[in-house]
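First up is the structure itself, then whatever we jot down about it.
The values are calculated or read from the model by the stated rules, or taken from the named source; none is laboratory data. Just so you know, these numbers come straight off a predicted model, no measurement behind them. Neighbour counts run over all protein chains shown; Cβ positions are idealised from the backbone, glycine included. Just so you know, the surface numbers come from the protein's heavy atoms only, side chains and all, with ligands and any DNA or RNA stripped out. Shrake-Rupley method; radii C 1.70, N 1.55, O 1.52, S 1.80 Å.
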Amino acid sequence: MKKLTPFLAVCLGFAHAAYATSDDVTRSTNSPAELSASIVPNSSSRGTATPQTRVAALSNKSFIPQRKVIVISRDDGGDLVNYAKRVSRARQEKDWLVFNGQCASACTLYLSLDPKQMCITKNTSFVFHAAYGAKRDVNQWGTRYLAKQYPDWVQNWIAKRGGLSNRILRMSYTQASKHINPCKIAKSRPS
């Protein structure tokens, strides 16, 4: 805990997240928005037992999800410790995660969740960089922590681009959809 104390006290310089809203998403400035409408799989479905099939069940009006659906849109990251807590909570509660826009910096910790808990829309991109904004040793610790949390496919992608540094690395939907199931958010229907 002694090693974490300075880290907890110092923001790593990540900007607070700004969450997009649409007709189906409620605005939240402190945590990702929870989806209150339906999500359906893309036509490129990979079979009936995929995560997007389970998420697609939300489009059935008679279905009441037992788990929360979190939508990430235009999330610029924030304090690494806060994101580690959010990701841990989502993992424990087995929340469903829908990436529907940019997920940058500390937000990318969500990629450490089980792929069966998430899907991505065509609007999705991921932005990676080294931790910054604190003392050098804390930044180094934060960067190592980020790198270790990512699944192998993300670690390999980052390594092929020289690793986490001050340089911005952007992963497109095309690359991410090779490893995360695609989905789309259904448009709200007029009442």
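Calculate what fraction, in whole %, of the accessible area of the stretch 67-145 sits on carbon and sulfur atoms when a 1.4 Å probe is rolled over the protein chains. Looking at the stretch 67-145 in its full context, I get 44 percent from C and S. Using the average count of surrounding beta-carbon atoms within 10 Å as a protection proxy, the listed peptides 92-103, 149-160 rank, highest first, as 92-103, 149-160. So what does residue 179 come to for accessible area, using a 1.4 Å probe and Å² rounded to 10? Rounded to the nearest 10, that gives 70 Å². For residue 92, what is the net charge nearby, where nearby means another residue's Cβ is under 13 Å from its Cβ and Lys, Arg count +1, Asp, Glu -1? Once positives and negatives cancel, what remains is +4.
Shown for the stretch 146-190: the carbon plus sulfur share of the solvent-accessible area, taken with all protein chains present and a 1.4 angstrom probe, equals 47%. Relative contact order of the stretch 90-188: 34 percent, from C-alpha pairs under 8 Å at least 6 residues apart in sequence.
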